[in-house]
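Colleague: After the structure tokens below, expect a handful of questions from me.
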Amino acid sequence: MVRREEVELIRDRALRMLSAAKSELSKGGYDRSAFLSEQAVQLFIKSVILELTGEMPRIHVIRRLFATLRTLVPSRAQENDKFVQENRSLLIRLEEAYISSRYLFRRYTEDETRELVEFAERAIRFIGSLLSCSESRRDAEGVENLGSENRSCRKEAPL
């Protein structure tokens, strides 16, 4: 099985990317902010999959990563499906940011980038909530504040 340090490295990297996305947004670096938002979500999901399987996924499509997570946490599959279905458009836009923020002749606006950053934060919170009372749940809460380790499980981990 994978070492805890490896999971923590990837998870910490994801949370730092989310923090950097917020910083870039505040400085007007909308393209970088959009890209970093996508990377934050992608890496956070991968850190959970790494923790559960011991393997780092080599796919980059967030919706496919959610599908993988669905099979690994079958007790929460309905919640996973609902989140993906309700946020399909935002997930697609986040995935598009992976390419378009770097390679296409397109400029991101402040409003659309803010929406992506806020969604990335919400997605990370949700991903952490899929695992009931696990280390992954507590790490997702660490985006802003860890809080009490002994609290009861909730549907969505606070950021």
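Readers should treat all values here as calculations from the given coordinates under stated rules, not as data from a laboratory. All values derive from a computational prediction rather than experimental measurement. Using ideal geometry, Cβ is built from the backbone for each residue, glycine included, and neighbour counts are taken over all protein chains shown.
Colleague: Between beta-carbons, use under 10 Å as the cut-off and find the net charge around residue 54, counting Lys and Arg +1, Asp and Glu -1.
Modeller: -2
Colleague: Would you mind ranking 56, 17 so that the residue whose beta carbon has the fewest other beta carbons within 10 Å leads the list? Before the final figure, lay out the partial values.
Modeller: Values: 56 14, 17 21.
Placing the least packed residue first, the sequence is 56, 17.
Colleague: May I ask for the net charge around residue 33, where only other residues with Cβ less than 15 Å from the Cβ of residue 33 are counted and Lys, Arg are +1 while Asp, Glu are -1?
Modeller: -1
Colleague: Further, regarding this structure: Positive end of the dipole of region 4-141, charges at C-beta (+1 Lys, Arg; -1 Asp, Glu), about the Cα centre: which of 99, 130, 87 has its Cα farthest in that direction?
Modeller: Of 99, 130, 87, it is 99.
Colleague: Would you mind ranking 103, 98, 30 so that the residue whose beta carbon has the fewest other beta carbons within 10 Å leads the list?
Modeller: Final ranking by Cβ density, sparse to dense: 103, 98, 30.
Colleague: Additional query: Compute the distribution of all C-alpha to C-alpha distances in region 4-141, in bins of 10 Å from 0, and list the percent of pairs in each, rounded to whole numbers.
Modeller: Reading upward from the zero bin: 13, 46, 32, 9, 0.
Colleague: A further question on this structure: Can you pull out the GluC sites (Glu not before Pro) in region 22-115 whose DSSP state is coil and whose Cβ has at most 12 other Cβ atoms within 10 Å?
Modeller: Answer in residue order: 55.
Colleague: Got a sec? How would 35, 83 order by Cβ neighbour count within 10 Å, fewest to most?
Modeller: Details: 35 25, 83 20.
Result, fewest neighbours first: 83, 35.
Colleague: I would also like to ask the following. Got a sec to turn the phi values of region 21-28 into Karplus ³J(HN,Hα) couplings, 6.51 cos²θ - 1.76 cosθ + 1.60 with θ = phi - 60°, whole Hz, x for Gly and Pro?
Modeller: Per-residue couplings from phi come out as 4, 5, 5, 4, 4, 5, 9, x Hz.
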